[in-house]
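Data block below; observations after.
The values are calculated or read from the model by the stated rules, or taken from the named source; none is laboratory data. Owing to the predicted nature of the structure, the values given are computational and were not obtained by experimental measurement. Neighbour counts are summed over all protein chains in view; Cβ atoms, including those assigned to glycine, are modelled from backbone coordinates with ideal geometry.
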Amino acid sequence: MKLEMPHKRDRGQVGIGTLIVFIAMVLVAAIAAGVLINTAGFLQSSAEDTGQGASEQTTNRLTVASSVTGLVNNSSSPNAAVGKINMNVKRAQGAEDIDLSDTTIQFVGPNGVADLIYNSSLDGGGGYANFTVEKVQDDGKSLTTGDPVLNDATDQAKIIIDLNSSGSVDAMGNMTTGEEATMTITTRAGGETEVRVRVPDTLSGKSAVTLSP
C-alpha cells in the first residue's frame, strides 16, 4: 500500500491560518488588557476622590469651644425670653481653613425650621435669616479682614444669631423657658456640627443664661 504524503502547499495554508488566529487572539487580549487597565485607573481615581471627600466632611468642620449663651429680653417681666444666641466656635482637630462666610446653619426650633446664612449685619433678607461673626481670638486678623476665616488652630469666632432680626423668617422668634432647638452648622466642605440647646426653666432677673443641651 502506497502512502500519500501531504502536499507542501496544504501545510503552508494550515500554518498561515493558525498564525492569523494566534495574532487575533493576541490583539483581543491586548484590547481587553487595555480596557481593564483603564477601568482600574478610573476606579482608583474615583475611590481617591470619594475618600478625600469623605475625609474633608469628617475633618473640615467646626467645634463649639465653650458653652452656648442665650441673651435674655425683658428679664424683669413675665415675658422674659431668649432673643439672641451666642456660641464660640473653632476649627475641629485636623481641619483646614474654614471660611465662615461659606458656612450655613439650619435652625430647628419650636417655631419650625430656618436656614441661616452669613451676613456682616444681622439684618439680611431674601427669605433667609442671618448670623454674623465677631472675633474672640484672631492673631492673624483673618476674622476681621474680608470674609471671616478660621485659619489657625487657636482662632475662635463668636457666631451670633438674633432670633428677632428683621431678616428672620417665621420659623425664628424668641425662645421661652423650657423650649429646645437644634442647630446644624455645615461648612463648605460638608462637615457638620450639631448643637442642641435648651432654655432654662427660669429667666427671671437674668440677662444671660447658659443654654444647656
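Residue 116 fails exactly one of the following numbered conditions: (1) modelled with pLDDT of 90 or more; (2) within 20 Å of residue 93 (Cβ to Cβ). What is the number of that condition?
Unmet for residue 116, out of (1) modelled with pLDDT of 90 or more; (2) within 20 Å of residue 93 (Cβ to Cβ): (2).
Quickly run through the range 192-209 and pick out the residues that are surrounded by fewer than 20 Cβ atoms within 10 Å (Cβ to Cβ) and closer than 16 Å to residue 89 by Cα.
Hits for the range 192-209 are 192, 193, 194, 196.
Residues being of a type in the set (Val, Ile, Thr) and over 20 Å from residue 199 (Cα atoms): count how many of those fall in the range 104-121. Walk me through it before giving the result.
First, the residues of the range 104-121 that are of a type in the set (Val, Ile, Thr): 104-105, 108, 113, 117.
The next check asks that each one be over 20 Å from residue 199 (Cα atoms); those that pass are 104, 117.
Looking only at that region, the number is 2.
Kindly check whether there is at least one residue in the range 80-100 that is surrounded by fewer than 14 Cβ atoms within 10 Å (Cβ to Cβ), more than 31 Å from the chain's Cα centre (by Cα) and either modelled with pLDDT of 80 or more or part of a helix (DSSP H, G or I) (or both).
Taking the range 80-100 and keeping what is surrounded by fewer than 14 Cβ atoms within 10 Å (Cβ to Cβ), we get 93-94, 96-97.
Next cut, more than 31 Å from the chain's Cα centre (by Cα) only: none.
No: zero hits.
So residue 154 passes all but one of these: (1) under 24 Å from residue 93 (Cα atoms); (2) modelled with pLDDT of 95 or more. Which condition number does it fail?
(2)
Taking residue 161 as the residue in question, decide whether it is at pLDDT 95 or above, among the aliphatic types (A, V, I, L, M) and part of a strand (DSSP E or B). Even if it seems obvious, please write down each step before you answer.
Values: at pLDDT 95 or above: no; among the aliphatic types (A, V, I, L, M): yes; part of a strand (DSSP E or B): yes.
In short, no.
Just to be sure before I move on: is residue 189 surrounded by 14 or more Cβ atoms within 10 Å (Cβ to Cβ) and part of a loop (DSSP other than H, G, I, E, B) in the structure I sent?
yes
Can you name every residue in the range 101-120 that is surrounded by fewer than 19 Cβ atoms within 10 Å (Cβ to Cβ) and either closer than 17 Å to residue 137 by Cα or of a type in the set (A, V, I, L, M, F, W, C) (or both)?
Scanning the range 101-120 gives 108, 113, 117.
Picking from 75, 121, which residue would you name as being assigned to a loop (DSSP other than H, G, I, E, B), polar (S, T, N, Q) and in contact with a Leu (Cβ under 7 Å, 6 or more places away or on another chain)?
75
Taking the range 88-113 only, how many residues are of a type in the set (A, V, I, L, M, F, W, C), more than 21 Å from residue 189 (Cα to Cα) and touching a strand residue (DSSP E or B) at 6+ places or on another chain (Cβ under 6 Å)?
Looking only at that region, the number is 1.
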